[in-house]
Amino acid sequence: MAFLMLDDLIVLVQMICVIVVAAYLLTRCRIFTDVLDGHPTAKAQVLLTLIFGVLSIYGTMSGITVLGAPINVRDLGPMVAGLTCGPFVGLGAGLIGAAYRLTIEGFTVYACSLATVLAGLLGGLIWLFNNKKFVGTRISVEFAIMMEGLHMLLVLLMATPLAMALALVSAVAVPMILANALGMFIFSFIITNLQEERKTRGERDNYLREIERKNTELQIAADIQKSFLPSEIGPLPGFDIAAMSVPAKEVGGDFYDVIPFPMVAGKDRKVGILIADVSGKGIPAALFMALSRVIMRVNSLWHVHPAEVLRDANSIIYEDSKTGMFVTLFYAVIDLELRTVTYANAGHNPPLLFRAGTGVIEELMTTGVALGITDMAEYTQTVCVLSPDDCILLYTDGITEADNEAEEMFGEERLWQCLARYHELTAREIMDSVLRDVRFFAAGYAQSDDITLMVLKADKDK
């Protein structure tokens, strides 16, 4: 009996493999998508009914005969149909399988046919009770075991003579239950993996859409931030000026500005310039940059002296800053007639002043702390007079801290050498040359910080 049971089980497993392969190919078809969503179309239900019905017939045809009764996995097709597609498909597949079983006859014909119909119907009811969703591996396997147990019970109740029914059940119950349970386990594994694939694919698609949305928003933010910077600079009578800002990310915290004073009393024939670097990078720095720029604009139009501008701007920025962010900033008022530069430096990198007459480079040093650090900050201002061909190079630390693959920084010394080398060029050419040298130094290494550069050069002839 043990050898008979093992042989029977091997044959049934072979049948299961064919059914599972067919079921796997079926789950990859487009019609099965609506099934997994719990909304199969009528056309899909009819087609699936026929497919699972054919699988049920195959389960009968490929079975083996014990005591004159076929042993098979006929119920597996209707069970799977019901559990995945609902009662209509499950019952339909069961009826097809049962109809074929009736043509074979045998003393278990009615019990086996009824079991096949119930397999599809009960599987469909389970699908309904689970909100039209597949119940998962554990419940599916338990259902297969109980369904085959019910199949054996129906044989004992309906088949005659009872002695032959008892002999049959004792011989085939275990292999049939194991085979159908194994088939259901494999099929459930396929379905579960398919659901996980669809879930993962959906999450991936949502992620990609979110990335695309954020990229679009970042591009809009970058365009808005670019609009904050002067679209054109100059011309400034008696001076040549150029500026550029290159953010490390889509948006950044560096900014520069050129502020005319056409309607401000005491500031006619004067213009304000500034360069600034907000702590941090990305969106937070960009927002803080926008705030700082507006505050500086308003205060520069309100006050005459740079020290007063920075003092009041600092108080407002400190009051509005709740995140501990700050901004280093160099602000100067240029007298276009006298060629004087009156400046105040709030913790910013000292701009470099090249004296054309002597070849000496001076630093326009700090006159106070960065804006937003303390509300009690005081600032002083300094005046310098520019001679023909004198040149001021204003920059943020993205220039001097640009690094290469060897983890070397560009540094202040190289910047001084650039200014000494290129001082005879125009402001635009000086700026482009410095940026070119920085890029060459970095040799394609990723930019780690925002880079902003402004060059102001006094004309040869006043």
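The values are calculated or read from the model by the stated rules, or taken from the named source; none is laboratory data. Remember, predicted model here, so these are calculated numbers, not experimental data. Methodologically, a virtual Cβ is constructed for each residue, glycine included, from the backbone with ideal geometry; neighbour enumeration extends over all protein chains shown.
Name the residue, out of Asp205, Asp254, that is crowded, with 20+ Cβ neighbours inside 10 Å, among the charged types (D, E, K, R) and modelled with pLDDT under 90.
Asp254
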Q. In segment 19-33, which residues are at pLDDT 70 or above and part of a helix (DSSP H, G or I)?
A. Val21, Ala22, Tyr24, Leu25, Leu26, Thr27, Ile31, Phe32
Q.
Name the residue that is modelled with the lowest pLDDT, counting only residues in segment 274-327 that are crowded, with 22+ Cβ neighbours inside 10 Å and in contact with an Asp or Glu (Cβ under 6 Å, 6 or more places away or on another chain).
A. Asp277
Q) Going by the structure shown, is Arg414 surrounded by 15 or more Cβ atoms within 10 Å (Cβ to Cβ), basic (Lys, Arg), outside any loop (DSSP other than H, G, I, E, B) and more than 39 Å from the chain's Cα centre (by Cα)? A) yes
**Q.** Which listed residue, of Leu394, Leu352, is within 39 Å of the chain's Cα centre (by Cα) and closer than 23 Å to Ala248 by Cβ
**A.** Leu394
(Q) Being over 44 Å from the mean Cα position of the chain (by Cα), in a loop (DSSP other than H, G, I, E, B) and in the same structural domain as Gly253 (by TED's automatic domain parsing): is that true of Asp375 here? (A) no
Q | Residue check, Asp449 assigned by TED's automatic domain parsing to the domain that holds Phe239, part of a helix (DSSP H, G or I) and of a type outside the set (S, T, N, Q) | A | no
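Could you say whether any residue in segment 124-144 is farther than 27 Å from Cys85 by Cα, assigned to a helix (DSSP H, G or I), modelled with pLDDT of 90 or more and not hydroxyl-bearing (Ser, Thr, Tyr)?
No, segment 124-144 has no match at all.
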Q. From the list Ala420, Ala402, which residue is over 17 Å from Ile275 (Cα atoms) and crowded, with 16+ Cβ neighbours inside 10 Å?
A. Ala402
Q: Scan segment 419-431 for residues that are outside any loop (DSSP other than H, G, I, E, B) and either small (Gly, Ala, Ser) or without any contact (Cβ under 8 Å) to a residue 60 or more places away in the chain (or both) and jot them down.
A: Ala420, Arg421, Tyr422, Ala427, Glu429
**Q.** Which numbered condition Ile361 fails, given (1) surrounded by fewer than 18 Cβ atoms within 10 Å (Cβ to Cβ); (2) farther than 18 Å from Thr396 by Cα
**A.** (2)
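Residues checked against (1) closer than 18 Å to Val258 by Cβ; (2) within 40 Å of the chain's Cα centre (by Cα); (3) outside the structural domain of Ala420 (by TED's automatic domain parsing):
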| position | (1), (2), (3) |
| --- | --- |
| Met296 | yes, yes, no |
| Arg311 | no, no, no |
| Asn314 | no, yes, no |
| Phe326 | no, yes, no |
| Glu337 | yes, no, no |
Q | Residue tally, condition acidic (Asp, Glu) and loosely packed, with under 15 Cβ neighbours inside 10 Å, over segment 125-174 | A | 1
